[in-house]
Every structure is written in structure tokens, then in C-alpha cells.
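Enquirer: First the structure, which I've put down as C-alpha cells, then a few questions once you've had a look.
The values are calculated or read from the model by the stated rules, or taken from the named source; none is laboratory data. Remember, predicted model here, so these are calculated numbers, not experimental data. Every residue, glycine among them, receives a Cβ derived from its backbone with ideal geometry; neighbour counts consider all protein chains shown. Accessible surface is based on the protein model in full, side chains and every heavy atom, while ligands, DNA and RNA are left aside. Shrake-Rupley method; radii C 1.70, N 1.55, O 1.52, S 1.80 Å.
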Amino acid sequence: AVARIPSQGELAIKLVLSRGVEHGPSPTAWLHASAASDFGPVRQSGVRVITLDRGYDRGVAERAPWLLLGAKTLSYAVNMAALREAHRRGADDTIFVTSDGYVMEGPTSSVIIRHGDVFSTPAPSGAILHGTTQRSLFDYLERHGHAVSYRDISIEELRTADAVWLVSSVRLAVAVIELDGVQMPVDAPLTELFTEYLLSPRD
């Protein structure tokens, strides 16, 4: 699949694994490779973001695991509806928050905030999955002497952060330049370093 993609530009590769045909003997998996959209401009300019209530508190996934809130499925209806709402309000993206005021994640991204020299992301839970790009960046930050933290992050901490990023495997790291209509500080040099690192070959 990769060999058939043009050599110029970036690629997006997705591996999908299902349980297969009902009562079948084995799971089904497929690999999809395609040329990625050009996210260079948004990596440079950043994104305007709104917060949206996800509709439940931060402990519901542990109290009611049968809701499968942390399952990675093919149903992106809520995520796409949230992005449409962001666009309706004049923003580019959204950050989901719990009904009791804690940061979760973006529809297609993880959230990283910086206060001083400490970088934090919401702690993985029954409702929030680890982000592969976020974990890679945390490895990079730790190797360069920065402190990283997985913890509960309140909306107020999000709003008072020294910098905020949305990170994902294809768009990579983009700075949040505006949150709920309020301009946010941007760490442009670090954003550029994040991009260089994420685009670099790694074992």
C-alpha cells in the first residue's frame, strides 16, 4: 500500500481491526494508506478552539463501563457533529470537557498544556485513551529534561495555561491560539520543534 503512494508529501496510514464476521473463526484487519492533506499552514497558524460539554462527568466511565466510552470505534458521529458546531461558532476545532468541568480530548486529538516547564495531559481513563502522538511527544520532552504529567486538568487550568496544543497522528502538533473567543499565548519555537521531531525518522 505504501509503495503505491506518491513519493512527495506526507502519508496517512490507518490500520483497522475488527472481530470479523459474526461467529467467524478470526478477526478481520485491513490497512489503508493515502496521501495526507497538507496541514503545513495550520501547523504554522494554529487553531481557534471552543470547549464543548461531552455530556457526562469524569467518573462515569468507571461507574458504568458498559457504556464503552473509551472504545475506539468506527462511529465518529459525535466527533463530526462537534466539529460542525465549532465551525458554526467560527472556530476550527473543539476540546471536549466533562459536565463537572474537566478537560478530556479533542474529537480527533489529544490535549497537551504547559504551565512553566511542566507539560500535562488528561490522565487516561475509561473515557480517555492514550494518544500515540502525545506519548511520543512526552518521551521527547522527558529526554530533553522537561517534566510531564498525566492528571485531571480543570477548564480553568486550560484557560490559564502558558501554551496549549492539540496533537494527532496526521495533523501532528498545532497550537491553540484562541480558546472560547479569548486569545491564548503561543509557544511558536516549541511548536516548530514538535513538528520537526514528529516528522523525523524514528526507530
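Enquirer: For Ala86, indicate whether it is more than 23 Å from Ala12 (Cα to Cα), among the small types (Gly, Ala, Ser), part of a loop (DSSP other than H, G, I, E, B) and open to solvent by less than 10 Å² (accessible area, probe 1.4 Å).
Expert: Working: more than 23 Å from Ala12 (Cα to Cα): yes; among the small types (Gly, Ala, Ser): yes; part of a loop (DSSP other than H, G, I, E, B): no; open to solvent by less than 10 Å² (accessible area, probe 1.4 Å): yes.
Considered against the rule, which asks whether it is more than 23 Å from Ala12 (Cα to Cα), among the small types (Gly, Ala, Ser), part of a loop (DSSP other than H, G, I, E, B) and open to solvent by less than 10 Å² (accessible area, probe 1.4 Å), Ala86 comes out as no.
Enquirer: I would also like to ask the following. Scan the range 22-66 for residues that are aliphatic (A, V, I, L, M) and at pLDDT below 90 and report the count.
Expert: Here is the first cut: in the range 22-66, the residues aliphatic (A, V, I, L, M) are 29, 31, 33, 35-36, 42, 47, 49-50, 52, 60-61, 64.
Next cut, at pLDDT below 90 only: 31, 33, 35-36, 60-61, 64.
Here the count works out to 7.
Enquirer: Starting from the range 23-40, keep only residues that are of a type in the set (Asp, Glu), then list their pairs with residues that are modelled with pLDDT of 90 or more and in a helix (DSSP H, G or I) whose Cβ atoms are within a distance under 8 Å, requiring at least 6 positions of separation or different chains.
Expert: Here the result reads none, with nothing in the range 23-40 linked to a residue that is modelled with pLDDT of 90 or more and in a helix (DSSP H, G or I).
Enquirer: For the range 151-163: of the residues being in contact (Cβ under 8 Å) with a residue 60 or more places away in the chain and among the aliphatic types (A, V, I, L, M), which is most open to solvent (accessible area, probe 1.4 Å)? Spell out how you get there, then give the answer.
Expert: Just the residues of the range 151-163 that are in contact (Cβ under 8 Å) with a residue 60 or more places away in the chain, to begin with: 152, 155, 158.
Filter once more, keeping what is among the aliphatic types (A, V, I, L, M): 155, 158.
Working: Ile155: 30, Leu158: 0 Å².
By that ranking, first place goes to Ile155.
Enquirer: One residue is enough: does the range 135-151 have a residue meeting the conditions closer than 20 Å to Arg58 by Cα and either in contact with a Leu (Cβ under 6 Å, 6 or more places away or on another chain) or among the hydrophobic types (A, V, I, L, M, F, W, C) (or both)?
Expert: Initial filter on the range 135-151 (closer than 20 Å to Arg58 by Cα): 149-151.
From what's left, either in contact with a Leu (Cβ under 6 Å, 6 or more places away or on another chain) or among the hydrophobic types (A, V, I, L, M, F, W, C) (or both): none.
Within the range 135-151, none of the residues are closer than 20 Å to Arg58 by Cα and either in contact with a Leu (Cβ under 6 Å, 6 or more places away or on another chain) or among the hydrophobic types (A, V, I, L, M, F, W, C) (or both).
Enquirer: What pairs come up if the first residue lies in the range 177-202 and is at positive phi, the second is surrounded by fewer than 17 Cβ atoms within 10 Å (Cβ to Cβ), and their beta carbons are under 9 Å apart, counting only those six or more places apart or on different chains?
Expert: Asp180/Arg159; Gly181/Arg89; Gly181/Gly90
Enquirer: Return the total of residues in the range 191-203 being open to solvent by less than 60 Å² (accessible area, probe 1.4 Å), of a type outside the set (S, T, N, Q) and either within 23 Å of Thr94 (Cβ to Cβ) or assigned to a loop (DSSP other than H, G, I, E, B) (or both).
Expert: So the answer is 2.
Enquirer: Kindly list the number of the only condition in (1) closer than 26 Å to Glu10 by Cα; (2) open to solvent by 70 Å² or more (accessible area, probe 1.4 Å) that fails for Pro65.
Expert: So Pro65 meets the others, but not (1).
Enquirer: Specify which of the listed residues (Val78, Val42) is outside any loop (DSSP other than H, G, I, E, B), among the β-branched types (Val, Ile, Thr) and closer than 27 Å to Leu198 by Cα. Give the derivation first.
Expert: Working: Val78 fails: closer than 27 Å to Leu198 by Cα.
Step by step, each of Val78, Val42 is checked, and only Val42 is outside any loop (DSSP other than H, G, I, E, B), among the β-branched types (Val, Ile, Thr) and closer than 27 Å to Leu198 by Cα.
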